[in-house]
Amino acid sequence: MRIVHDRERCQLHGQCTIAAPDIFRFDDGGELEVDPSPDETLRADAESAMDVCPERAITVVADDE
Amino acid sequence: MAVPAATIPFLDVTDPAFSIRSDEVRAAREAGWYARTPYGIAVLRYDQVSRLVKDRRLIQGSAAWPAHNKVTGPWADWWRRMILNREGDDHARLRRLMNPAFSSRLITALVPQFQALAGELIDGFAERGRCEFMSEFAEPYATRVTAQLLGIPEDEWRTLADWAEALGLGLSVSVAEHLPEIEAALEGFYGYADELIAERRRTRRDDFVTHLVEANEDADRLSDEELRDNLVLLIFGGIDTTRNQLGLGIDLFVRHPDQWRLLAERPELAPSAVEEIMRVRPTVTWVTREATESFEFDGLTVTTGTTVHLFSESAGTDPAILGGDQGFDIAATVRPRHFGFGGGRHFCLGHFIARGDMGEALVLLARRLPNVRHDGEPVFLPDSGNTGPVSLPIRFDRGT
């Protein structure tokens, strides 16, 4: 799976860092770091992050999409 | 360089007569980006509110609310313990448990239920040509939607709505004065939650309360106290804010009949209508933050522990972002963000459902209650803290 993160839409609320802390985290400067191709075992977290993002800035897509 | 405090406007937001929409606030916003208040500072302009709402040097600051109002006891204890006032790992753990009930996908599937419920309620008064909007629509609608979402019986809606309304006074600047009824409502909610939890422990279902009850089997995931505290919060939060925001929306439309006609003609504007209402007349009149460190911000030294109230209505109607246009326009092509759901890690858990259920309700109301107008003076809560109509009698053209 791949994570598509729309930086234009993102407002840095950080809900994804709660739903999927192994994929999304804030660096020391407050910027969001995203693992673009997380392990398949993190799928439930990834989809939860997609579902809870208030700005709908996250999409989980298949590797070949 | 810090600005001398004496030159900064002072807003007595604790006075029940104080209005976040007053000329006094407008003048203060004109004079500068913030004002002093008895609680700390009020941030008045869009630019500073949009930056501070997600500034990581601040935390959600509502934990200090009971102390600001010199209130202690069961309600103050509940207030401090529930998820809104938790931070860090505890907050993340609780939020992860609650997220599944509020996902965007789940809410989309509920739209037909929202429409059916709104239709049923409107049928109850449409022929009469008048209604008391809060008790005949806003309260049953907000309460029964919440009941449907959480899988609890809808027929007790009146009791739940009354408790929610009383508990909602806890977010008003009159909290101290209303403490006995607030605590009675909390007691009622506790009893209700205890019964619900016991029932689900006996008989598991495929619903959200069962999901929480199962998490509670491991107290490190969710303790008994956390289970009860947060069930109360979810029931209360779902009812009270939606009730108030719908009421404020209808009051706004009564004052802008052209916009009401437009919504009836163009139902696709419903999502924009919800955003516009929350920008112009938010029930959450301020978003609270507390500084966890001292820092310089736009000429002000914000010291550790300062309560920072981000004035959502003042920011949303800031002429600096709107130019000359400060009206109410659901069809506007460009609309500044609003702060009615807060922002950051504590972003309103229920925002998808609130947006969905209010949008569906407003469209049906606009179509079936043409020419809506006041039918006597509405009564409002104080215009600061969380606000909304206490009663809102309306008339409309019959027979549609």
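The values are calculated or read from the model by the stated rules, or taken from the named source; none is laboratory data. Fair warning: this is a prediction, and the values are worked out from it, not measured in the lab. A quick note on method: Cβ atoms are made from the backbone with ideal geometry, for glycine too, and the neighbour counts reach across all protein chains shown. We work out accessible area using only protein heavy atoms, side chains counted, and drop any ligands, DNA or RNA first. Shrake-Rupley method; radii C 1.70, N 1.55, O 1.52, S 1.80 Å.
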**Item:** Under 20 Å from the residue B:220 label point (7 Å along Cα→beta-carbon), backbone N, region A:22-65
**Value:** A:22
**Restricting region B:291-400 to GluC sites (Glu not before Pro) in coil, as DSSP defines it, with at most 12 other Cβ within 10 Å** = B:293
**Request:** Place a +1 charge on the Cβ of each Lys and Arg in the protein assembly as shown and a -1 charge on the Cβ of each Asp and Glu, then give the dipole magnitude about the Cα centre in debye, rounded to the nearest 20.
**Result:** 940
**Message:** Tell me the carbon and sulfur percent of the accessible area for chain B, rounded to whole percent, probe radius 1.4 Å.
**Reply:** 52
**Prompt:** Out of B:334, B:385, B:370, whose Cα points farthest toward the positive end of the dipole of region B:312-400 (charges: +1 Lys, Arg; -1 Asp, Glu; placed on Cβ)?
**Reply:** B:370
**Request:** For region B:254-346, run through the trypsin sites (Lys or Arg not before Pro) and keep only the ones in DSSP coil with at most 14 other Cβ atoms within 10 Å of their Cβ.
**Result:** B:255
**Prompt:** Rounded, prolate or oblate: which fits chain B, taking a ≥ b ≥ c as square roots of the Cα gyration tensor eigenvalues, rounded meaning a/c under 1.5, else prolate when a/b beats b/c?
**Reply:** oblate
**Message:** I want to check the label-to-label distance for residue B:30 and residue B:204. Put each point 7 Å from Cα in the C-beta direction and report it in nm to one decimal.
**Reply:** 6.4
**Message:** Quick check: at a probe of 1.4 Å, how many percent of the accessible area of region A:2-61 sits on carbon and sulfur atoms?
**Reply:** 44
**Message:** Looking at chain B only, what percent of DSSP beta bridges run antiparallel? Nearest 5 please.
**Reply:** 80
**Request:** Please sort by residue number the GluC sites (Glu not before Pro) in region B:184-237 whose DSSP state is loop and whose Cβ has at most 16 other Cβ atoms within 10 Å.
**Result:** B:217
**Message:** Which residues among region B:29-66 fall inside the zone where the amide N is under 12 Å from a point 7 Å beyond the Cα of residue B:298, along Cα→Cβ?
**Reply:** B:29-35, B:42-53
**Asked** Of B:99, B:122, B:35, which is farthest on the positive side of the dipole of region B:34-125, counting Cα position, with +1 on Lys and Arg Cβ, -1 on Asp and Glu Cβ, and the Cα centre as origin?
**Response** B:35
**Solvent-accessible heavy-atom area per residue, rounded to whole Å², over the protein assembly as shown at 1.4 Å** = 41
**Request:** Can you find, among B:59, B:10, A:1, the residue farthest towards the positive end of the dipole of the protein assembly as shown? Put +1 on the C-beta of Lys and Arg, -1 on that of Asp and Glu.
**Result:** B:10
**Prompt:** Helix-derived [θ] at 222 nm for the protein assembly as shown: sum -39500 (n - 2.57) over DSSP H runs of at least 4, divide by residue count, nearest 500?
**Reply:** -13500 deg cm²/dmol
**Complete:** In debye to the nearest 20, the charge dipole size for region B:78-159, taken about the Cα centre with +1 at each Lys and Arg Cβ and -1 at each Asp and Glu Cβ, equals 520
**Asked** Under a 5 Å amide H to amide H cut-off, with H placed in plane at 1.01 Å, what residues pair with residue B:380 once short-range neighbours are removed?
**Response** B:390
**Message:** What FRET efficiency comes out for residue A:64 versus residue B:332 if R0 is 30 angstrom and r is the Cβ-Cβ distance? Round to the nearest 0.05.
**Reply:** 0.15
**C-alpha long axis of helix A:43-52 to longest principal axis of chain A, angle in °** = 50
**Prompt:** Between B and A, buried accessible area summed over both sides at probe 1.4 Å, in Å² to the nearest 100?
**Reply:** 1700
**Asked** Across peptide A:13-21, how many C-beta atoms of other chains are within 10 Å of each residue C-beta, on average?
**Response** 5
**Message:** Please list, by residue number, everything in region A:1-28 whose backbone N is under 20 Å from a paramagnetic label point 7 Å out along Cα→Cβ of residue B:56.
**Reply:** A:5-28
**Request:** Quote the charge dipole size of chain B about the Cα centre in Debye, to the nearest 20; the model charges only the Cβ of Lys and Arg (+1) and of Asp and Glu (-1).
**Result:** 980
**Request:** Assuming a ≥ b ≥ c are the square roots of the Cα gyration tensor eigenvalues, decide whether region B:332-389 counts as rounded (a/c under 1.5), prolate (otherwise, with a/b larger than b/c) or oblate.
**Result:** oblate
**Request:** Using a 1.4 Å probe and ignoring any ligands, DNA or RNA, find the accessible area of residue B:94 and quote it in Å² to the nearest 10.
**Result:** 0
**Item:** Inter-label distance, nm, simple model (7 Å from Cα along the C-beta direction), residue A:11/residue B:116
**Value:** 3.3
